[in-house]
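Following: one structure in structure tokens, then a few remarks.
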């Protein structure tokens, strides 16, 4: 016989009171009655699962949780308890999957009840312990199978690091234009670019021109500048000279006076496959980063180019990350990377860091595509 609302409410309160006085048998009986379709009540699956857990009946607890999650797949407390059931059963992989979803959907605004927040901290620790155990298992099994990570190549090692949770996946996310079908490569290795040796051979000459340029207090301006014809960017380095730029080429034009002040730099850039796009490219500059400055994670505008850094002044304490890989600048050794993948830079040292920054075509884009893209970008400029 269906129960009226008052009776349902009373039974729920009786069941909760029974659990509070550590009487799970009474609580379970009441909640099972309410879970019976004949009662006409909304089944209290979570309360029933909690009563069964208190009674030490893991099978019944998990059965109730399965019913709860069948109706509400993203029930936060239910996911944590289901993960606990799997963990007690020794199924760590399954436990981690429920824990991970709970952590993913949990609000980060401090609104969770203290007990649930504490459970999530416990769950996060359990997930991290599983990640370390899983990584150790993979490393040991691969070693036993004779797989040498060093010989297997950087791509294989990165795949294992992602699988083991040591790194995460970063993909191209350009802000303005996305060209499909390009490989997701964070840093490109220098040996892929035969023109690079000729440019790097000019490092000393370029550094000499930079040194003279630095004597001019007006040579550098903030890299991120406000524009009256665009919304104000939230970049914390907006109009901040701590991240400075001395442009050689800007928006496709050679900056006035730079051919005379930096002739060897201008000539060296001729070795690179620099885009020639009216109103946009070439783009080349000396990028200066003062001590204590952090360029926060961000994405570039397009993914049809690569960005090159020829390091010129690199004090200790500098770091550069693209995606899940961190590399250090070395004077005279160019870093080439896809800036449409999240990247950041920081100078935690006590001296200024300066690189020659310029863009090149991606090697995967052939001459026909480059011609078409040039026409497309110039059409955008003309709009």
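None of the figures in this text is laboratory data; all of them are computed from the coordinates on show. Since the structure is predicted, the reported quantities are computational estimates derived from the model, not experimental observations. Here the Cβ is made from the backbone with ideal geometry for all residues, glycine too, and neighbour counts use every protein chain on show.
Our estimate of slack between residue 71 and residue 171, defined as 0.36 nm per intervening residue step minus the Cα-Cα distance, is 32.6 nm. Peptide packing for 44-51, 180-187, 225-232 was compared via the average number of neighbouring C-beta atoms within 10 Å per residue; ordered from the highest value, the list is 44-51, 180-187, 225-232. Relative to the first principal axis of the alpha-carbon coordinates of the chain, what is the inclination of helix 367-382, with its axis defined by its Cα atoms, in degrees from 0 to 90 and to the nearest 10? Tilt of helix 367-382: around 90 degrees. Contact order for the chain, expressed relative to its length and based on alpha carbon pairs under 8 Å spaced 6+ residues apart, stands at 13 percent.
Between the C-alpha center of region 254-308 and that of region 145-209 there is a gap of 19 Å.
If R0 is taken as 41 Å, the Cβ-Cβ distance between residue 33 and residue 122 corresponds to a FRET efficiency of 0.80. Site pair residue 328 and residue 111 shows an inter-label distance of 4.6 nm when each label is modelled 7 Å from Cα along Cα→Cβ. Here the relative contact order of region 5-131, from alpha carbon pairs under 8 Å that lie six or more residues apart, stands at 14 percent.
Between 260, 129, 251, the residue with the greatest mean-square fluctuation in the GNM of the chain (Cα pairs under 10 Å linked by springs) is 260. Computing volume of the Cα convex hull per residue in Å³ directly from the structure and comparing it against (i) 121; (ii) 152; (iii) 226 singles out (iii).
Of 197, 111, 221, the residue with the greatest mean-square motion in the GNM of the chain, using alpha carbon springs below 10 Å, is 111. For the pair region 310-383 and region 1-53, the centres of their Cα atoms are 63 angstrom apart.
Angle, helix 203-214 long axis vs. longest principal axis of the chain, Cα atoms, 0 to 90°, nearest 10? That helix lies at roughly 90 degrees to the long axis.
A full extension of the chain between residue 250 and residue 192 corresponds to an added length of 18.2 nm, given 0.36 nm per residue minus the alpha carbon distance.
Taking each residue as 0.36 nm, the span from residue 178 to residue 136 lengthens on full extension beyond its C-alpha to C-alpha distance by 11.3 nm. Rounded to the nearest 10 degrees, the inclination of helix 24-35 to the longest alpha-carbon principal axis of the chain is 80 degrees. Taking all Cα pairs closer than 8 Å and separated by 6 or more residues, the relative contact order of region 318-374 comes to 32 percent. Each label point was placed 7 Å from the Cα along the Cα-to-Cβ direction; for residue 201 and residue 2 their separation is 9.0 nm.
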